[in-house]
Amino acid sequence: MSHEATTTDSQPDWVMGLQGADVLYGDAAPPEFTSAPWTVHFSLPSDLSELDGVADPLLFVHAGSAHVRAIESKMDELVTMARAQGRSWTEIGRALGVTKQTAWARLSRIVAEGKTKVIEDAGNGEVVVRSKDDITAGDGAKHDVLQGKAAASTRTTANVFRLLERHGIPTHFVEGVDDVAFRARQVKMIPLELVARRYASGSFRDRFPELTDGARLDELAFEVFEKDDAHHDPLLEFDFDDGVLRRYVPNAKAAAAIGAEAKPGDLIGEEVLGESRYSDVTPDLLAKLRVLTVSSFEAIESAWKQQGGTYIDFKIECGFDCETGELLVADVIDSDSGRLRFGDVDMSKQSYRDGAATLPEVKKKFEEVAALTDRFE
């Protein structure tokens, strides 16, 4: 761990304030590492004109490129470490001597970013799923930043995925990274929200108003919704016999957006399945998605029942492992993923959607749920 080109005196104060700067740029003794040192050595005359007639410059372009790739790979790892420790792109850009936008464009490994999480490429067929403190409702129409929400969400998700793995349910979860992030297999997500319901609530009651709120259903309901915020995630019906995909009004909010005469459960429209965005969804795939959804819900439901909780419903997403092609339960499963009650007390994000709880109260619920999932067996 050394740097011969510069000295302590030539470094800005913020650099010298970083841990290890006294070793890299000063005279402090280096620590004892157990792994072998990683070094790059490449010598050229400072005046490149001296290479004329001695060596073809392409020789050094070729030789140097391998070192550049090696350095870039280490830079990627270092930036990933910095991000995992919570360092901002502004800080990373300052370390590089560029703007945060340039740093992000050059070194960001972001695969996707949503309202509440960021997914970064971690290499080796894996990603890092990093939660945000953002909390939203109404397809993003309602939005707040809830300090500590990311940590609670990640803690809950990690515990739930570990529970599912113990039940033999394949998931993308690999291991935790820190309080707000976990490693997972990189998957090609299927743009469907898969819902299981044990009790009548939410959009289900919008479509079946004759049911009492909280009425236990005769059998576990399985429903499939399109991931489409702009149209409030329509309910889907796959008619494989006729080769037709049908979309239905999912809830009262979507009905109001369509028009005064629209009602939850009304047919929005239909199209040829083979010409839709779901042309690759087959009866076999849908059956497998149903099994994953139902088995996941039942495992989580049982875990909550052991603690006196009632799991009302939940939604999950699935995808195919980008390397192996295996179908996996993916995304996150936290307090935002389903309705959970202890007696008459709602412990999910529903109280935020309804405005029935203050932000501190919502935060407390997220944290209490996360702590309870530590007890999952």
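Every number in this text was worked out from the coordinates using simple rules, so none of it is lab data. All values reported here derive from a predicted model rather than from experimental measurement. All Cβ positions, even for glycine, are placed from backbone atoms using ideal geometry, and neighbour counts span all protein chains on display.
How much mean residue ellipticity at 222 nm does the chain get from its helices, if each DSSP H run of length 4 or more adds -39500 (n - 2.57) and you divide by all residues, to the nearest 500 deg cm²/dmol?
My calculation for the chain gives -10000 deg cm²/dmol from helical runs alone.
Amide H contacts under 5 Å for Phe173: Arg185, restricted to partners 5 or more places along the chain or on a different chain, H placed in the peptide plane at 1.01 Å from N. For the options Val224, Val54, Val362, a Gaussian network treatment of the chain with springs between C-alpha atoms closer than 10 Å singles out Val54 as fluctuating the most. Among 291-302, 63-74, 228-239, 150-161, sorting by the average number of other beta carbon atoms lying within 10 angstrom of each residue, highest first, gives 150-161, 291-302, 228-239, 63-74. Within the straight-line cut-off of under 27 Å between alpha carbons, the lysines reachable from Lys364 are Lys115, Lys117, Lys132, Lys142, Lys149, Lys305, Lys315, Lys349, sequence neighbours fewer than 8 places apart in one chain being disregarded. In the elastic network of the chain, a GNM with C-alpha springs shorter than 10 Å, the most mobile of Tyr25, Tyr199, Tyr311 is Tyr25. Each peptide in 13-24, 164-175 gets a packing score, the mean of other Cβ atoms within 10 Å over its residues, and the list from highest to lowest is 164-175, 13-24. For the chain, a Gaussian network of Cα nodes joined below 10 Å ranks Lys149, Lys363, Lys100 by mean-square fluctuation, and the top entry is Lys100. In a simple Cβ point-charge model (Lys, Arg +1; Asp, Glu -1; nothing else charged), the chain has a dipole of about 1020 debye relative to its Cα centre.
Projecting the Cα atoms of Pro170, Gly265, Gly343 onto the dipole axis of the chain, where Lys and Arg carry +1 and Asp and Glu carry -1 at the beta carbon, places Gly343 farthest toward the positive end.
Take every DSSP beta bridge with both residues inside region 123-234 and express the antiparallel ones as a percent of the total, to the nearest 5. Don't jump to the answer; show the numbers that get you there.
On the way: 21 of 21 bridges.
Counting DSSP beta bridges with both partners in region 123-234, the antiparallel share is about 100 percent.
Note on Gln147/Ala21: beta-carbon distance plugged into 1/(1 + (r/R0)^6) with R0 of 22 Å gives a FRET efficiency of 0.15.
Could you work out how much longer the chain between Asp47 and Leu220 gets when fully extended? Use 0.36 nm per residue separation minus the Cα distance between them, nm to one decimal. List each step's numbers first, then the result.
Details: separation 173, 0.36 × 173 = 62.28 nm, distance 7.58 nm.
Gain in length upon complete extension: 54.7 nm.
For the pair Thr324 and Arg109 in one chain, pulling the backbone fully straight at 0.36 nm per residue adds 75.3 nm over the alpha carbon distance.
The H on the amide N of Asp228, modeled in the peptide plane, is under 5 Å from the matching H of Asp233, each at least 5 residues off or on a different chain. Taking a ≥ b ≥ c as the square roots of the eigenvalues of the Cα gyration tensor, an a/c ratio of 1.5 or more together with a/b larger than b/c marks the chain as prolate.
Treating only the Cβ of Lys, Arg, Asp and Glu as charged (+1, +1, -1, -1), what charge dipole size does region 8-100 show about its Cα centre? Round to the nearest 20 debye. Provide the component values of the computation, followed by the final result.
Values: 6 positive and 13 negative charges, 114 e Å.
Taking the Cα centre of region 8-100 as origin, the dipole is about 540 debye.
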